[in-house]
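Single-structure report; data block below.
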Amino acid sequence: MQFLSKKLVFLQFILGFMVIGFIILLVALFLWTFIVSVKYFYDTMLKDEAYLRNTLPVSRSQIFFSQELVALCTLGLAVLVCLLSVGLAFFTIDGNSIISMIELLFGINGHMVGILLLETGIMLLWDYMAIVTLFFTAMMLGQTRQSNKVLYSIAFGVLLYICMQLGSMVGVLFNMTVTQGYTELVNNMVLEMDSLQHIILSAMISEIVISTIYIVGFHCLGVHIANTKLNLE
C-alpha cells in the first residue's frame, strides 16, 4: 500500500487507516498474550485438571516458577512477532534510517543508544512479569474465598495493583532525592546532556529493581497461599 500510495494519491487515506490498524493490532497482541498467560495459569493450577500438576514430586515454588517461565516465553514469542512485523513494515536494507531515528529520538550518540534500548527492554519486560505474577497471586487469593471467587480475584488484583503503584511512586521519589541533577532539572528545566543521561539510566535501574522486588514478593506470597490456604491436591 505504501508503494501504491506513491502512484495513486487517494490511496494515502486508506494507508493511514492501515497504519492505525497496525498499531492497534500490536497493542492487542501483547494484551492477548497477557490474557492467554493468565488463563493458562488458571486452567493448569486452579481448575479440576490441575490435580496432576499439583501432585508432581516437586516443590510448589518450582511449579509457580514454571508458570512464570511459560508466561515469559509466551511474551518472547509475542515480541518476536512484533519485531518481525515492524521490520517488514518499515524495512530498510542498511538500517541507517532506523539508527538515525533512534539517535534523533534520544538526542544522544554512540553506545548510549544501545544502553538505553537495552535497559528499556529489560524494564518493560520486568514490569510485564510483575503484572503477571500479581494476577497469579490475585487468583490464588480469590480461591481462598468460599464464593464469588472470580470477583474476589479481580478485587484482590485491583488492590495489589494499587499497592504496587504506590510502592513504585515511593521508589521513584526516593530515587529522585538520591540522584544528582533532579533538582536542577525541576527548577531550571535545563540540564546538560551527561546529567540527563545519568538521570534516565538511574530511573530505569530503579524501576528494574522495584519490579524485581515485586516479582519475588508476589511469587513468595502465591507459594505461601498455595501451601497454607489451599488444598490443590
Filter result for VAL132 (of a type in the set (Val, Ile, Thr) and surrounded by 14 or more Cβ atoms within 10 Å (Cβ to Cβ)): yes
Can you spot a residue in region 3-18 that is in a helix (DSSP H, G or I) and in contact (Cβ under 8 Å) with a residue 24 or more places away in the chain? no
Flagged in region 23-57 as at pLDDT below 85, in a helix (DSSP H, G or I) and open to solvent by 30 Å² or more (accessible area, probe 1.4 Å), in numbering order, are ASP48, GLU49, TYR51, LEU52, ARG53
Based on this model, can you work out whether ASP48 counts as without any contact (Cβ under 8 Å) to a residue 60 or more places away in the chain, under 19 Å from PHE136 (Cα atoms) and in contact with an Asp or Glu (Cβ under 8 Å, 6 or more places away or on another chain)? no
Meets criteria (under 27 Å from VAL38 (Cβ atoms), open to solvent by 60 Å² or more (accessible area, probe 1.4 Å) and at pLDDT below 85) for GLN180: no
Just the residues that are of a type outside the set (A, V, I, L, M), within 13 Å of GLY217 (Cβ to Cβ) and in contact with a Leu (Cβ under 8 Å, 6 or more places away or on another chain), please, taken from region 121-137. THR137
Answer yes or no: is there a residue in region 100-120 that is at pLDDT 75 or above and either over 24 Å from SER168 (Cβ atoms) or open to solvent by less than 80 Å² (accessible area, probe 1.4 Å) (or both). yes
Hits in region 143-152 (condition: part of a helix (DSSP H, G or I) and modelled with pLDDT under 90): LYS149, VAL150
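The values are calculated or read from the model by the stated rules, or taken from the named source; none is laboratory data. In this text the structure is predicted, and so the values were computed from the model without any measurement. No Cβ is skipped: glycine too gets one built from the backbone with ideal geometry, and neighbour counts run over all protein chains shown. Accessible surface areas use protein heavy atoms only, side chains included; no ligands, DNA or RNA. Shrake-Rupley method; radii C 1.70, N 1.55, O 1.52, S 1.80 Å.
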